[in-house]
Amino acid sequence: MKLEENIIKTILEIIAKKAAEQELREEQISNFINVAVKAVTTDGLANASTLLADALRPQIPEMIARERDLQAGFEQRLYDRWKKALDLYEAIIILTRECGVACVGYYQAQAAKDKDVVFAVLMGIHIKACQTASAIEALLKRGYARDALARHRTLHELAVTAFFIKKHGQETAERYWQHNTIESCKAALQYE
């Protein structure tokens, strides 16, 4: 017999016993059932939750340690299997960041002098792309391949946006910049 069935059976036995002892009418039995159900569900669950939380609280450090050990073992096995691919992906991220830093060092002064909005927008997109690629790496190393794939679509969208802005020049870059500013303002107002 399931736990729920045992609980219901016990409640019904108690109700039947009380109804017989007190010679309750049907309406009184119905009221008694409602009180019993409330006591078991609402009040009982609140009490049970407190008792369960109190019982589990001392076990939290052990549970967390055990979970971390399991995750670390899983991640190590995952890395052992996909080491070459994961290391190459990480190397690409590092090289991409270094290329971005070199590009900024080489072109930033001239871009500022020329008021080149395309350069500024592309560098902003580059930073977002590097962050997204790092998030993908973290997800892959933890075993969340589907989530990494979803973030990879974001990375692709950033690349497409960068190519589009590069192709269409200053006016498109300015409109993109203004749109981001408006979206940031809307997000800030919504947050408040």
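Quick notes on this one:
- Longest exposed-site-free window of the chain, the sites being trypsin sites (Lys or Arg not before Pro) in a DSSP loop that have at most 15 other C-beta atoms within 10 Å: 26-114
- When 10, 132 are sorted by how many other C-beta atoms sit within 10 angstrom of their C-beta, beginning with the fewest, the order is 10, 132.
- Note: relative contact order over segment 115-191, using C-alpha pairs below 8 Å and six or more positions apart, is 39 percent.
- Fewest-first sequence of 32, 74 by Cβ atoms within 10 Å of each Cβ: 74, 32
- Pairwise FRET efficiency - residue 94 versus residue 175, Cβ, R0 = 41 Å, nearest 0.05: 0.80
- Measuring between their Cα centroids, segment 113-162 and segment 69-109 lie 13 Å from each other.
- Extension gain from residue 54 to residue 84, taking 0.36 nm per residue of separation minus the Cα-Cα distance: 6.2 nm
- Cα pair distances exceeding 28 angstrom across the chain, given as percent: 61
- With R₀ fixed at 41 Å, the C-beta to C-beta distance from residue 63 to residue 113 puts the FRET efficiency at about 0.10.
- Flagged links, alpha-carbon separation over 22 Å, of 115/166; 17/38; 166/186: 166/186
No lab work stands behind these numbers, since they all come straight from the coordinates. None of the values given here were measured: they were computed from a predicted structure. Positions of Cβ are backbone-derived with ideal geometry, glycine not excepted, and every protein chain shown enters the neighbour counts.
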